[in-house]
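Novice: Here's a structure for you.
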Amino acid sequence: MKNLYQDILDAKAQKRKLLAILIDPDKTELSNVVLLSQKINDSPATHIFVGGSSVENNILDDLIQQLKNEINLPILLFPGNPSQISDKADGILFLSLISGRNPDYLIEHQINAVPILKKTNLEIIPTGYILIESGQETAVSRVSKTKPLDRNNPNYVLQTAQAGEMLGKKLIYLEAGSGAKQTVPLEMIALVSMNTSIPLLVGGGINNKKGIEKAHEAGADIVVIGTAFELDLNFFNA
């Protein structure tokens, strides 16, 4: 697999918008992978993310391998903790929850992940993960025991993103949370996009193709879709 991050940088430079489908192993049956893969192959997806806030089953390796057998797209881990690392993937979003102040999700999980990652060939992409208030408690907020940032204070969100960039993060991820009632505000996406130089990911609560388009237009380089696709595999055919 070629350099995943460089491909993302190239797409940003070319103003080529990307789309990632997030697959949660806890919400996926291995028996359904062939159908799932067919729907992904028929979609405009450019990347597959695999992970969740809390993965309790043990199918991660098998799931990724089966996806690779059916799909020729880069697969990146989107882990909630070190137990969600698989050497079957191509890369990992090495997440630090910079919107929260729980040291486990700022640095402790990352430290614990190092011995595992050292044994893999995964491309490691440091990612500043910023949770935005979305109208209800999301799984990320519950599991990480952190509060999301105020959706009505875009300047503080921007400062957080800029701090992440200054700390050396290669991606910034604005996340409303799985199944969020409200998406990340478009004005916030635009503000962060215009005032940072690294690629910007946006996800959470986007439940239609128009929402994907609007997030891209506002400045997201990669839009992430998860719950809406889980609930309707014909999402992109509608």
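The values are calculated or read from the model by the stated rules, or taken from the named source; none is laboratory data. Source: prediction; values computed, not measured. A quick note on method: Cβ atoms are made from the backbone with ideal geometry, for glycine too, and the neighbour counts reach across all protein chains shown. These accessible areas exclude ligands, DNA and RNA; they are computed on the full protein's heavy atoms, side chains included. Shrake-Rupley method; radii C 1.70, N 1.55, O 1.52, S 1.80 Å.
Novice: Looking only at the range 49-62, count how many residues are β-branched (Val, Ile, Thr) and either open to solvent by 20 Å² or more (accessible area, probe 1.4 Å) or more than 11 Å from Asp24 (Cα to Cα) (or both).
Specialist: Going through the range 49-62 one residue at a time, the tally reaches 2.
Novice: Any chance the range 60-83 includes a residue that's hydrophobic (A, V, I, L, M, F, W, C) and within 20 Å of Tyr156 (Cα to Cα)?
Specialist: No, the range 60-83 contains no residue that is hydrophobic (A, V, I, L, M, F, W, C) and within 20 Å of Tyr156 (Cα to Cα).
Novice: Being assigned to a helix (DSSP H, G or I) and in contact with a Ser or Thr (Cβ under 7 Å, 6 or more places away or on another chain), is that true of even one residue in the range 65-74?
Specialist: So far as the range 65-74 goes, yes, one or more of its residues are assigned to a helix (DSSP H, G or I) and in contact with a Ser or Thr (Cβ under 7 Å, 6 or more places away or on another chain).
Novice: Within the range 187-223, track down each residue that is open to solvent by 50 Å² or more (accessible area, probe 1.4 Å) and closer than 25 Å to Ser144 by Cα.
Specialist: Correct list: Asn207 only.
Novice: Considering only the range 3-42, state which residues are open to solvent by 30 Å² or more (accessible area, probe 1.4 Å), charged (D, E, K, R) and outside any helix (DSSP H, G or I).
Specialist: Of everything in the range 3-42, those that are open to solvent by 30 Å² or more (accessible area, probe 1.4 Å), charged (D, E, K, R) and outside any helix (DSSP H, G or I) turn out to be Lys15, Arg16, Lys17, Glu29, Asp42.
Novice: Which ones in the range 76-128 are among the hydroxyl-bearing types (Ser, Thr, Tyr) and modelled with pLDDT of 95 or more?
Specialist: Answer for the range 76-128, where residues must be among the hydroxyl-bearing types (Ser, Thr, Tyr) and modelled with pLDDT of 95 or more: Ser86, Ser96, Ser99, Tyr105, Thr120, Thr127.
Novice: Considering each residue of the range 86-110, count those that are outside any helix (DSSP H, G or I), over 13 Å from Glu123 (Cβ atoms) and aliphatic (A, V, I, L, M), and give that number.
Specialist: Residues meeting the conditions: 3.
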